[in-house]
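A quick write-up on the structure given underneath.
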Amino acid sequence: MGDKESGPQGPRCIALVGPFQSGKTTLLEAILARTGAIQRQGTVDAGTTVGDASKEARHHKMSVEVTVATTTFMGDSYTFLDCPGSVEFAHDMRATLPAIDAAVVVCEADDRKVAQLQLILRELEDLKIPRFLFLNKIDKTDKEVRESLKLLQPASRVPLLLRQIPIFKNEIITGFVDLALERAHVYREHAPSEVIPLDGEALDSQKDARFTMLETLADHDDELMEQLLADIPPPRDRVFDDLAKELRDGLVCPVLMGVATRTNGVLRLLKALRHEAPHVAATAKRLGVKANNEAVAVVLKTFHTAHGGKLSVARVLNGQIGDGVTLSSPAEEAGRVSGVSRLLGQTTEKRGPAAVGETVGFGKLDHAKTGDTLSSGKQPHPAVAVVKPYPGVLAIAISAKERKDDVKLGLALTKLLEEDPSLTMFHNPETHEMVVWGQGEMHLRVAAERLAERFGIAIERRRPTVGYRETIKKPIQQRGRHKKQSGGHGQFGDVVLDIKPVPRNSGFTFEDKITGGVVPRNYIPSVEEGVIDAMKHGPLGFPVVDIAVALVDGSYHAVDSSDMAFRIAGRIGITEALPQCQPVLLEPIHMVEIACPSEASTKINAILSGRRGQILGFDTREGWEGWDMVRAMMPETEIGDLIIEVRSATAGVGSFTFKFDHMAELTGKPAEQIVAAKRAAE
Ligand SMILES: Nc1nc2c(ncn2[C@@H]2O[C@H](COP(=O)(O)OP(=O)(O)OP(=O)(O)O)[C@@H](O)[C@H]2O)c(=O)[nH]1
Ligand SMILES: [Mg+2]
């Protein structure tokens, strides 16, 4: 595929992904230093990296959004997307994936991170994105490389193909042998490694490991298999061609290694990307981009910068896009490009039009959203990929500390949600709460910090109010009488109500059973209004549901009766009746589906039972070997922070969805506590 050693190869877009804290940001820093985009390699611990430059990232010493950085290597432009590893920020990673040429999956030989590695690899496998594993932190590992591979292999559906083996000196890793090139290198700190003679023990282990590599390649290349069986050394070019082809076809996942903090293994990784990663043409083909005259780009991230306004980071998959070009998504016109920039983390630099394959920031595309397929033609190009955010699992109710910031808060939230579609917001009309749903504690905390830092709004956070209701267990007949004589016009309304409980989820009915006009027809709607009014706040303090009310009798006064008087009479009737009807609290119950690795199922069951969950059963998760789906009915209040326990029981990979199912009675101490808390709050 035109992979000549020399000459430009065209712009690439590569995502750095991998489990939490595996060294992605450090690797990006090493790549930028090695390729001369930055003068000196910063560190995550000192808060000096290009990747984690935002206040929130520095504060938490972890990536909280994708960082985009373009550099040049051997005459070609490379844009690296340093993705957060935390599952709570996974949407930022997921949104970048469709348009990349290849992913570098940075990982460690750490059994606690294998489950998360598997999730990420699955995502790449499903999208058919070629991927390298970069085994990082090999300065720290006490494992043999073969042992490390054995540990990681279950995370990948295709064979992990070891491309390098380490060289040890006094139990310290000093370099590596490249199995394809059959060359030994010693590492030098922050400098390219040096080639050394390959002999002695290193040569022996090289032979073994190389043979294993070739055997794996030969599974998809009969001729190579024959050569191996006949003990004929295969030509080097053939090996390289196979490596590139099998990577691109997703048949193997090559494994390179290094120490990001010391820039070790970085050059080898860059060269592998240069020779083996697909080009934009292949990526466009994978996505079904129609190559005609129009320009096509995919938005992989949206930023609202403090000074520069909205910036849509997009990869150009066809044509070229410069200033003044009008772009549209299938849904609407996105806007006219105003400013094309090259990105290096938070630094942006204005530049000319972006060519096919480049990943740049476009200014002022007011209606472009992350994930949009934008095009310049008359007919918008169909969406090449759709990345749906996971539904939220944890919520907070937020409000501005000061009333004057209310409007500002609304605007800031809109921007925040545009930057991060895995946050959602809704307004609870009953409680007037602004509820923000996110992917976990840290996700929501960072959102709050951004509101404070970037938008200068002090906010208050609370647990969202649970939608308790109440109902009654006993019927009653009750008179409601309103009579007031205050000089001049008096007020008179008098009703008799039959009130009875109805089956759960039947709601509320009002029936007019007046005979003989004892309550004139025109006042009856007012009686109903009064009843509804009173039901908003039952004797326990919550809205009343599942009751039937019938107006059976009453009386009126020719002069003093009015709509208002009957409304008050209706209200009095209910307010006096309900406390005598054995009121009972109702709590919302949701149907929860938890996805978890099978070995965690027992723990999950225990968590659910501990939270008053009623387990309905569990099945194997369809299409997910080694995973289960546990289903349970759970009270809403117990779902509040369920995700925290689920993650801790599943090495971070468990997740759930939930849906309101029904209201259920809650009695005893828990109910008393809720009622007391409500009284105290009023
Ligand atoms: N010993 C050693 N430590 C490393 C290496 N690479 C990274 N680290 C350390 O590992 C920690 C995490 O590094 P990051 O680069 O922030 O990892 P990350 O994958 O970007 O983390 P998230 O984005 O939060 O998932 C930091 O303390 C780094 O200094 C390495 O090769 N060797
Ligand atoms: Mg990071």
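The values are calculated or read from the model by the stated rules, or taken from the named source; none is laboratory data. Note that the structure is a prediction, hence the values are computed from the model and not measured. Every residue, glycine as well, gets a Cβ built from its backbone with ideal geometry; the counts of neighbours run over all protein chains shown. The accessibility values were calculated without ligands, DNA or RNA, using every heavy atom of the protein model including side chains. Shrake-Rupley method; radii C 1.70, N 1.55, O 1.52, S 1.80 Å.
Take residue 509 and decide whether it is of a type in the set (Ser, Thr, Tyr), open to solvent by 20 Å² or more (accessible area, probe 1.4 Å) and outside any loop (DSSP other than H, G, I, E, B).
yes
Taking into account only those residues within the stretch 20-39 that are polar (S, T, N, Q) and in a loop (DSSP other than H, G, I, E, B), which is farthest from ligand 2 (Cβ to nearest atom)?
Checked the stretch 20-39; the qualifying residue farthest from ligand 2 (Cβ to nearest atom) is 39.
Here are some conditions: (1) within 11 Å of ligand 1 (Cβ to nearest atom); (2) in contact (Cβ under 8 Å) with a residue 40 or more places away in the chain. Residue 52 meets all but one. Which one does it not meet?
So the condition that residue 52 fails would be (2).
Somewhere in the stretch 212-231, is a residue modelled with pLDDT under 95, open to solvent by 40 Å² or more (accessible area, probe 1.4 Å) and within 29 Å of residue 263 (Cβ to Cβ)?
Yes - at least one qualifying residue is present in the stretch 212-231.
Out of (1) of a type in the set (A, V, I, L, M); (2) more than 9 Å from ligand 1 (Cβ to nearest atom); (3) at pLDDT below 95, what's the single condition that is false for residue 66?
The single condition residue 66 does not satisfy is (3).
Is it the case that the stretch 13-24 has a residue that's more than 11 Å from ligand 1 (Cβ to nearest atom), within 29 Å of residue 317 (Cβ to Cβ) and out of contact with any helix residue (DSSP H, G or I) (no Cβ under 7 Å at 6 or more places or on another chain)?
There is no residue in the stretch 13-24 that is more than 11 Å from ligand 1 (Cβ to nearest atom), within 29 Å of residue 317 (Cβ to Cβ) and out of contact with any helix residue (DSSP H, G or I) (no Cβ under 7 Å at 6 or more places or on another chain).
Could you say which residue among 275, 304, 367 is out of contact with any strand residue (DSSP E or B) (no Cβ under 8 Å at 6 or more places or on another chain) and either open to solvent by 10 Å² or more (accessible area, probe 1.4 Å) or part of a strand (DSSP E or B) (or both)?
275
If residue 641 satisfies every condition in (1) farther than 30 Å from residue 545 by Cβ; (2) under 22 Å from the mean Cα position of the chain (by Cα); (3) touching a residue at least 40 places away in the same chain (Cβ under 8 Å); (4) open to solvent by 30 Å² or more (accessible area, probe 1.4 Å) but one, which is the exception?
Evaluating residue 641 over (1) farther than 30 Å from residue 545 by Cβ; (2) under 22 Å from the mean Cα position of the chain (by Cα); (3) touching a residue at least 40 places away in the same chain (Cβ under 8 Å); (4) open to solvent by 30 Å² or more (accessible area, probe 1.4 Å) leaves (1) as the failure.
Suppose the filter is within 10 Å of ligand 1 (Cβ to nearest atom) and of a type in the set (Val, Ile, Thr); does residue 106 pass it?
yes
Six or more apart or on different chains, Cβ atoms under 9 Å: show the pairs whose first residue is in the stretch 658-682 and open to solvent by 70 Å² or more (accessible area, probe 1.4 Å) and whose second is in a helix (DSSP H, G or I).
Going by the 9 Å Cβ cut-off, the qualifying pairs are 660/636; 665/671.
List pairs: first residue in the stretch 135-164 and closer than 19 Å to residue 175 by Cα, second residue small (Gly, Ala, Ser) and away from ligand 1 (no atom under 16 Å from the Cβ) anywhere in the structure, Cβ distance under 7 angstrom, at least six positions apart or on different chains.
162/209; 163/180
For the stretch 608-636, give me each residue that is within 23 Å of the chain's Cα centre (by Cα) and assigned to a helix (DSSP H, G or I).
Passing the criteria: only 636.
Restricted to the stretch 576-588, and to residues that are in contact (Cβ under 8 Å) with a residue 60 or more places away in the chain and in a helix (DSSP H, G or I), which residue is surrounded by the fewest Cβ atoms within 10 Å (Cβ to Cβ)?
Taking the candidates together, the pick is 580.
Within the stretch 556-571, can you find the residues that are surrounded by fewer than 16 Cβ atoms within 10 Å (Cβ to Cβ) and either under 57 Å from the mean Cα position of the chain (by Cα) or modelled with pLDDT of 95 or more (or both)?
Answer for the stretch 556-571, where residues must be surrounded by fewer than 16 Cβ atoms within 10 Å (Cβ to Cβ) and either under 57 Å from the mean Cα position of the chain (by Cα) or modelled with pLDDT of 95 or more (or both): 563, 564.
One line per residue, one yes/no per condition, for (1) within 15 Å of residue 652 (Cβ to Cβ); (2) among the polar types (S, T, N, Q); (3) within 14 Å of ligand 2 (Cβ to nearest atom):
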residue	(1), (2), (3)
58	no, no, yes
84	yes, no, yes
104	no, no, yes
125	no, no, no
131	no, no, no
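Answer yes or no as to whether residue 602 is at pLDDT below 95, of a type in the set (Val, Ile, Thr) and closer than 30 Å to residue 540 by Cβ. Full working, then the answer.
Values: at pLDDT below 95: yes; of a type in the set (Val, Ile, Thr): yes; closer than 30 Å to residue 540 by Cβ: no.
The answer is no for residue 602.
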